[in-house]
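Okay, so here's the structure we're looking at.
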Amino acid sequence: MSVLLGNGDGTFVLQPSIPLAETPFRVVIRDLNRDGKLDIAVAVRNSSNVTVFLGNGDGHSPASPVRHWGGSQSLIAADLNGDGKPDLVTANEDAGSITILLNTSGTAAKPSITFISPTSANQGTTIPNFTVNGSNFDPAAVLSFGGTGITVNSYSSRAATQIVANITIGSTALTGAYDVIVANPDSQRQY
């Protein structure tokens, strides 16, 4: 299995291959152990296995798997039991079944907001770099606001400790204090 790290300009750098004993069939990339670093889960063809490689945060994963299960032809990740940790689901074509692999890694850490900038703006304003600093943000986390009239237009970065977004405060937005909400895809939120 190969990982290509983006240079940020549309080009990529090939990293050393991660050896697999079987042919990969499906790949899911998520922070499975909630340490803020992306991990790789691989379903392999014919042997019906799922192998998980924990990421170390620099685009490389260990050369050996940390978890290995049987029974897969397709693979998705989602928090099925509401504990804040992404679980894995496999579709087993030959057996005509599915397998649910509940994530038993440590307790999921909820996102925590420590700083936002700017802290105020006028109606009808677009803020190109609204910044939220904190911890335990998922790479797919989204921002929302407790009041109406504030729209997130796009994200320029989403990392474990910072989210930067382009937002618009509508001309008819309610005035006053608003909550800033970081919502991870696993439903863990910080207000």
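The values are calculated or read from the model by the stated rules, or taken from the named source; none is laboratory data. These numbers come from a predicted model, not from an experiment. FYI the Cβ positions are ideal-geometry reconstructions off the backbone, even for glycines, and counts take in every protein chain you see. When the accessible area is computed, the model is the full protein with side chains, heavy atoms only, and any ligands, DNA or RNA have been set aside. Shrake-Rupley method; radii C 1.70, N 1.55, O 1.52, S 1.80 Å.
Each row is one residue, and each column tells you yes or no for (1) surrounded by fewer than 16 Cβ atoms within 10 Å (Cβ to Cβ); (2) part of a loop (DSSP other than H, G, I, E, B); (3) modelled with pLDDT of 80 or more.
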site: 40; (1), (2), (3): no, no, yes
site: 50; (1), (2), (3): no, no, no
site: 64; (1), (2), (3): yes, yes, no
site: 94; (1), (2), (3): yes, yes, no
site: 127; (1), (2), (3): no, no, yes
Inset, instruction - Quick one: in the stretch 157-191, of everything that is closer than 9 Å to residue 141 by Cβ and open to solvent by 60 Å² or more (accessible area, probe 1.4 Å), which residue is modelled with the lowest pLDDT? - result: 185
Inset, instruction - Find all pairs meeting these conditions: Cβ atoms under 6 angstrom apart; at least six residues apart or on different chains; first residue within the stretch 7-28 and under 26 Å from residue 78 (Cα atoms) and aromatic (Phe, Trp, Tyr); second residue surrounded by 11 or more Cβ atoms within 10 Å (Cβ to Cβ) and modelled with pLDDT under 75. - result: 25/44; 25/45
Inset, instruction - Would you mind telling me which numbered condition in (1) open to solvent by 60 Å² or more (accessible area, probe 1.4 Å); (2) modelled with pLDDT under 80 residue 25 fails? - result: (1)
Inset, instruction - Output yes when any residue across the stretch 137-156 is loosely packed, with under 12 Cβ neighbours inside 10 Å, at pLDDT 80 or above and among the polar types (S, T, N, Q), and no when none is. - result: yes
